[in-house]
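Visitor: Mind having a look at this structure? Questions to follow.
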Amino acid sequence: MVFVPASLTGQSIAERIAGARFTERVQSEIITQAGASERHRTVIRMAGFGVVARGDTLVVTTDTVALTESVDGTRTAIDVDAVIGARWKLLLDTRGVAAIIDRPFVPPTIADVSDVGTAMDDFFPPAPPKLALGAVITDSAGRKWRRMSDSVGVERYHFTATRRGTTRNASDSVTVETSQDASENTDLAWDPRRGPLAWTRSILMTVTTRFAGRTVRAQVDQRIIVRRKP
C-alpha cells in the first residue's frame, strides 16, 4: 500500500489551521535517579495558542500560559509573564512537520521547569494517511497508523511510534554520553476540511546520561491533550 497523506489532496495543513485557536495541557511526571538518590517532579503546563497566516508562514502566539511544578510533594506556581504573547514563526510541510524559523526567548527561570520555546517543535500532529476503516499502515517515519471508527463526520486515528538514539559530546575535560528511548501512543480526531481538531499523546521516555563515571537516569511519563476551539 502506498502512503498518501490526506494533506496532499485539497488545502495544505497550514491553510486548514490558519485562524484557529488551540488549548493545550501538558502533564509530565519525572523521576530522576542519580546513585542512591531519587527525585520526583510533576510539571503541569496549560496554554492557549492562536494561529494566523502571513503568506506561507504560520505565526503562532501564546494567549495564555500557566505553569506549576511539584517537587517531592511541594507545589510552586512559576511566574510566566515573560512568555505571555510569545511568538513563533513556522512552516508546515505536507505531512504537518514543522520547520521553526523563529522562536521566542524564554528566561531560564521558566525554561528550567518547562521550555516553552520548544512548544511548537512537534505541537501539530502529522497528517493521517488515506486509510479504509480498520486498516493499518506504517509510514516513512515508522509510525504505525490505524483508522478507527468515524464520529459525526470526523475521522479518528490511532498511531504508535518509538524513538531511540545516543549522542556523545566531548570536551577537554569530560565526555558526556546520552541515550534516549521513547514510545508514544496518540489518538487523533481529524476533519477532512479543517484538519486537526483534537489529539491526545501519551509519551513514555527514558533518558540516561553518563559522564565522569556517573550515571543519571530520568524517566518521563507525559500526557499531552490539545483541543481546537470551535
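Visitor: Restricting to the range 11-56, give me the number of residues that are at positive phi and either touching a Ser or Thr at 6+ places or on another chain (Cβ under 7 Å) or touching a residue at least 12 places away in the same chain (Cβ under 8 Å) (or both).
Guide: 2
Visitor: So in the range 101-140, with the set limited to residues that are touching a Pro at 6+ places or on another chain (Cβ under 8 Å) and of a type in the set (Gly, Ala, Ser), which one is surrounded by the most Cβ atoms within 10 Å (Cβ to Cβ)?
Guide: Selected residue: ALA127.
Visitor: With respect to VAL65, determine if the residue is in contact with a Ser or Thr (Cβ under 6 Å, 6 or more places away or on another chain), in a strand (DSSP E or B) and aliphatic (A, V, I, L, M).
Guide: When the stated conditions are applied, VAL65 does not pass them.
Visitor: Restricting to the range 163-191, give me the number of residues that are touching a Phe, Trp or Tyr at 6+ places or on another chain (Cβ under 8 Å), polar (S, T, N, Q) and farther than 23 Å from GLY96 by Cα.
Guide: Residues meeting the conditions: 1.
Visitor: While we're here: Can you confirm whether the range 67-87 contains a residue that is out of contact with any Pro (no Cβ under 9 Å at 6 or more places or on another chain), touching a residue at least 40 places away in the same chain (Cβ under 8 Å) and surrounded by 12 or more Cβ atoms within 10 Å (Cβ to Cβ)?
Guide: yes
Visitor: Confirm whether ARG163 is surrounded by fewer than 13 Cβ atoms within 10 Å (Cβ to Cβ) and basic (Lys, Arg).
Guide: It is false that ARG163 is surrounded by fewer than 13 Cβ atoms within 10 Å (Cβ to Cβ) and basic (Lys, Arg).
Visitor: Across the range 134-167, which residue is farthest from VAL106 (Cα to Cα) among those that are at pLDDT below 95 and aliphatic (A, V, I, L, M)?
Guide: VAL152
Visitor: Would you confirm, using the coordinates I've provided, whether ALA170 is closer than 30 Å to ALA212 by Cα and either in contact with a Pro (Cβ under 8 Å, 6 or more places away or on another chain) or at pLDDT below 95 (or both)?
Guide: Yes: the conditions hold for ALA170.
Visitor: For the range 178-205, what are the residues that are modelled with pLDDT under 95 and β-branched (Val, Ile, Thr)?
Guide: If the condition is that a residue be modelled with pLDDT under 95 and β-branched (Val, Ile, Thr), then THR178 is the only one that fits.
Visitor: In the range 1-20, what residues are loosely packed, with under 15 Cβ neighbours inside 10 Å and at pLDDT 90 or above?
Guide: Answer for the range 1-20, where residues must be loosely packed, with under 15 Cβ neighbours inside 10 Å and at pLDDT 90 or above: just GLY19.
Visitor: Right, next: Between a residue in the range 120-134 that is of a type in the set (Val, Ile, Thr) and any residue that is at pLDDT below 90, which pairs come within a Cβ distance under 7 Å, given they are 6 or more apart or on different chains?
Guide: Correct list of pairs: empty, since none qualify.
Visitor: So which residues in the range 73-104 are among the charged types (D, E, K, R), within 19 Å of PHE124 (Cα to Cα) and in a loop (DSSP other than H, G, I, E, B), if there are any at all?
Guide: Listed by number, the residues that qualify are ASP93, ARG95, ARG103.
The values are calculated or read from the model by the stated rules, or taken from the named source; none is laboratory data. Since this is a predicted model, take the numbers as computed values, not measurements. Here Cβ is always computed from backbone atoms with ideal geometry, including for glycine, and neighbour counts include all displayed protein chains.
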